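**Q** I'd like to ask some things about the structure below.
The values are calculated or read from the model by the stated rules, or taken from the named source; none is laboratory data. In this text, all values refer to a predicted model and were calculated from it rather than measured experimentally. A quick note on method: Cβ atoms are made from the backbone with ideal geometry, for glycine too, and the neighbour counts reach across all protein chains shown. Each accessible area value is taken on the protein alone, full model and side chains, heavy atoms only, with ligands, DNA and RNA left out. Shrake-Rupley method; radii C 1.70, N 1.55, O 1.52, S 1.80 Å.
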Amino acid sequence: MNKTKAATKNTPSFKIIQSVQRATDILNCFTDTSYHLNLNEISERVGLNVNTTRGLVNTLVYNGVLSHNKQYNTYSLGLYFLTKTNIIQKQMESYVASAKPLVDELAEKYHTSASLQLVNQRKIYSIYCAYPSNTAYTIGLSEYGALPLYATSSGKLLSLYNLYLQDEENLNHIEFHKYTDKTITNKQEFIKQLLVAQKNHYAYEMEEFALGVGSLAVPILDQDQKLICTVSATFFSSYFPTIKDKLLSDLNKIAAVISKKLFTNTDLPLF
């Protein structure tokens, strides 16, 4: 089974326009590790014959959505997306503005790093990170870097709500890489952790992504119980037992406030 077709979403309750879905599948072929692809590579990834793929690709090139390098006969994302970055940035700023004071306060109160994550498709990104102002050491977090789904607390929530609860088969396409000796490396063990997260309504990881470091995250769900955001804290693992209960309570309060803002403010789009 090819990569893109294997990752196709579950059939929705409404009609999907085939040509639009195929064009979307083509765009999803381009990733952080696949900047340039030739026509055969795109065709293989989307599971379409070359002629059909060529027609779709040429249309995307005509509209500037894809760019064609004639010298090497490869394709990449076009400058069309550059014209939309300002719009996306303003949307991100709206999300951050709704959460920043709460996340800042949490970081100061527990002397930990704290962050807001946003879900997009099957990836989750930290869009705002806060750090305490008067502590000797802090754990630096990467903003806008995609988090691994199986080794971070927010990634586990995405895996639970938007993948596992829709169809367990979605987890078959996760590639497990070992970050530490405590990293989950197989699907069945991962499912066990997801079931615990489902029962608790939060997720955590302890030294699964980095030695000496853990994280705790709570979900922010839309009306269809799909994950749209998480709010989390990242801390030195030895510190966790002393703050767990109070930290979890505060994270849940923050999530409730952010959720209320998202669903009552029509200027904030739900991605």
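**Q** What strands (runs of 3 or more DSSP E) completely inside region 66-130 contain at least 2 residues that are touching a Cys at 6+ places or on another chain (Cβ under 6 Å)?
**A** By residue number, 113-120.
**Q** Being at pLDDT 95 or above and within 29 Å of LYS192 (Cα to Cα) is the requirement here; does SER126 meet it?
**A** So SER126 does not fit the description; no.
**Q** Moving on. Can you run down the residue pairs with Cβ atoms below 6 Å, 6 or more apart or on separate chains, where the first is in region 166-191 and closer than 20 Å to TYR204 by Cβ and part of a helix (DSSP H, G or I) and the partner is basic (Lys, Arg) and open to solvent by 30 Å² or more (accessible area, probe 1.4 Å)?
**A** LEU171/LYS187
**Q** Criterion first (assigned to a helix (DSSP H, G or I) and open to solvent by 50 Å² or more (accessible area, probe 1.4 Å)) does LYS199 satisfy it?
**A** For LYS199, the condition - assigned to a helix (DSSP H, G or I) and open to solvent by 50 Å² or more (accessible area, probe 1.4 Å) - is met.
**Q** Which residue is most open to solvent (accessible area, probe 1.4 Å), if the candidates are limited to region 211-240 and must be touching a residue at least 60 places away in the same chain (Cβ under 8 Å) and assigned to a loop (DSSP other than H, G, I, E, B)?
**A** This residue is GLN225.
**Q** Scan region 262-270 and give yes if some residue there is open to solvent by less than 30 Å² (accessible area, probe 1.4 Å) and either assigned to a helix (DSSP H, G or I) or among the hydrophobic types (A, V, I, L, M, F, W, C) (or both), otherwise no.
**A** Yes; the residues of region 262-270 include at least one that is open to solvent by less than 30 Å² (accessible area, probe 1.4 Å) and either assigned to a helix (DSSP H, G or I) or among the hydrophobic types (A, V, I, L, M, F, W, C) (or both).
**Q** So, in region 104-117, exactly how many residues are closer than 15 Å to GLU143 by Cβ, among the hydrophobic types (A, V, I, L, M, F, W, C) and surrounded by 23 or more Cβ atoms within 10 Å (Cβ to Cβ)?
**A** 2
**Q** Output the residues belonging to region 35-54 that are open to solvent by less than 40 Å² (accessible area, probe 1.4 Å) and under 15 Å from ASN73 (Cα atoms).
**A** LEU37, LEU39, ILE42, SER43, THR53
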